[in-house]
Amino acid sequence: MKYITLTGATGLLGSYLMRNLLAADVPLAALVRSSRRESARQRIENTLHPFEKQLGRPLPRPIVLESDLCKPMLGLGKDDLSWMRNNVDTMLHNAASLSFVAEPNGEPYRSNIEGTQNVLALCEATGIRRFHHVSTAYTCGLREGTIRETEFDCGQEFGNDYEKSKFASEKSVREASFLDSLTIFRPAIIVGDSLTGFTPTFHGFYAPLKILTPLVSPESVQPENAAEFGQILGMKPDDVKNYVPVNWIAEVMTHVIRDESLHRSCYHLASKNRTRMDVMSRIMAEGIQNHKTGKTINAEHINLEKLFATFIEQMEVYKSYWRCDPIFDMTNTHNAVPHLPPPIVDEPMLRRLVRYAITSNFGWPIPKPASIPFDTAEYIKTNFKTTISHQEKPLIFGLRVTGLGGGDWTVNAVTKEFQSGLPTTPAPLMTLNSTVFQRLVNKTIPPETNIAELTSWERGNDKERQAALQILTDF
């Protein structure tokens with residue numbers, strides 16, 4: 001089985017897609033940019049570790065390819081390009097800039113148009129012919145009424161630079177003639193997890209909450225007057241927005257991606273109901289009112305007119321976002337996943353979203369990078385050859401180390417050579433978690449322990465398993 005390569009793996013939707021695909025044992029590679037604080041691999045570990053705590057079990061790790069969306073070939077070197085050419089057959093392009101207003105650095109056009117073109121060029125150069133593209137339902141621009149999944153270019157006008165750039169991005173992939181298969185996903189407004197409220201990013205829905213929470217004291221907020229802030233933005237109390245939780249979107253996408261018969265379609269991913277502006281405003285006001293921690297400024301010391309002016313100024317970049325949403329037809333989605341009905345975004349769910357945002361202080365301070373007690377990849381790189389030799393009928397098996405510091409390898413049991421990524425042809429697979437691997441390396445497993453009981457073995461016979469186990473015990 002070949003790999004799916006994912007862009008935008010550390011963002012909100014990307015992180016849930018990565019979690020779901022890895023949990024389903026889908027071989028995954030992640031194209032990730034390093035930051036000033038963290039390497040590309042550390043960013044992946046920091047993204048996956050909290051999910052493992054929630055799930056109560058270790059997850060496999062993707063192959064991490066350090067890259068930059070805005071560089072030709074995404075800045076990948078010869079070895080990484082060669083690896084992709086030999087191991088990858090599918091691209092899941094999720095990375096995007098969420099800027100609503102054009103910025104001096106060229107965003108959102110730089111990432112959403114130039115970045116998509118770079119991804120397409122990479123696919124063409126490495127022979128990737130299957131493409132899953134995360135677009136947005138708002139490529140419809142300022143159109144009203146019902147927006148069909150089958151519609152795209154209707155001569156529509158756009159409300160902001162984000163919509164323009166995402167329309168151009170989707171147009172690019174639609175015009176890529178070298179692709180054999182193109183699947184398009186168009187989410188509405190993505191919010192946090194419907195069950196926990198979790199989100200690492202606070203755009204769109206969260207913007208007014210993020211601006212107002214530090215400006216007013218909980219005691220001064222009156223939920224019955226909260227709609228005034230929506231009216232300041234030009235929205236009526238009965239205007240509606242289409243919010244959809246990230247966990248449902250990722251679940252639907254994972255199902256579609258894994259079922260090839262569902263490819264080559266366009267899917268709207270929206271909620272079953274749209275949220276009224278007065279309901280959203282009231283629940284946000286209740287959330288601030290119930291919030292008893294953090295530094296706040298008592299509204300008695302703030303001139304209400306000045307408060308409104310501050311709110312309008314800071315909301316300016318989101319102004320085009322606050323308009324009544326159309327209806328997004330989901331015929332394709334209903335037919336593809338009848339067992340995964342679209343969520344109803346009700347008041348309890350909205351309260352969870354608001355509560356998480358406020359109690360997490362909108363993601364500040366930024367959590368410290370996860371500590372990796374044992375880096376399997378670094379150990380293998382240091383202690384073993386990392387290329388596969390070409391000899392007659394070598395005994396090849398896959399090695400998957402799950403959990404913090406884990407990864408995937410193809411192992412030659414004869415020469416003890418390792419190559420990043422699982423075998424692309426049918427081969428036995430051994431799986432163990434990173435804690436067991438560390439104990440093997442450090443020789444801290446009691447001699448009487450049956451190593452086979454600490455690993456799982458698939459698609460291989462007993463003789464092959466013994467040869468694979470011998471490599472592990474030789475560590």
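The values are calculated or read from the model by the stated rules, or taken from the named source; none is laboratory data. On a predicted model such as this, the values are computed, not experimentally measured, just so you know. Reconstructed Cβ throughout: ideal geometry from the backbone, glycine too, with neighbour counts over all protein chains shown.
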| note | Quick count over region 324-350, residues being among the acidic types (D, E) and touching a Lys or Arg at 6+ places or on another chain (Cβ under 6 Å), is 2
| task | Considering every residue within region 60-73, establish whether at least one is assigned to a helix (DSSP H, G or I), crowded, with 17+ Cβ neighbours inside 10 Å and at pLDDT 95 or above. | result | yes
| request: Give region 94-121 a look and list any residue that's surrounded by 24 or more Cβ atoms within 10 Å (Cβ to Cβ) and either of a type outside the set (G, A, S) or not in a loop (DSSP other than H, G, I, E, B) (or both), or say none. | output: P108, N112, G115, T116, V119
| query | Does I312 count as modelled with pLDDT under 90 and either more than 26 Å from D193 (Cβ to Cβ) or of a type outside the set (A, V, I, L, M) (or both)? | reply | yes
| task | Filter region 258-288 for residues that are more than 26 Å from I327 (Cβ to Cβ) and either of a type in the set (S, T, Y) or in contact with a helix residue (DSSP H, G or I) (Cβ under 7 Å, 6 or more places away or on another chain) (or both) and give the result. | result | S261, A285, E286, G287, I288
| task | State the number of residues belonging to region 426-443 that are assigned to a loop (DSSP other than H, G, I, E, B) and free of Cβ contacts under 8 Å to residues at least 24 places away in the same chain. | result | 2
| Condition check for S165: crowded, with 16+ Cβ neighbours inside 10 Å, touching a Pro at 6+ places or on another chain (Cβ under 8 Å) and either of a type in the set (A, V, I, L, M, F, W, C) or in contact (Cβ under 8 Å) with a residue 24 or more places away in the chain (or both) | yes
| task | Just give me the residues in region 122-154 being on the phi > 0 side of the Ramachandran plot and either without any contact (Cβ under 8 Å) to a residue 40 or more places away in the chain or surrounded by 19 or more Cβ atoms within 10 Å (Cβ to Cβ) (or both), in sequence order. | result | G141
| query | For region 191-203, what are the residues that are in contact with a Leu (Cβ under 6 Å, 6 or more places away or on another chain) and modelled with pLDDT of 95 or more? | reply | V191, G192, G197, T199
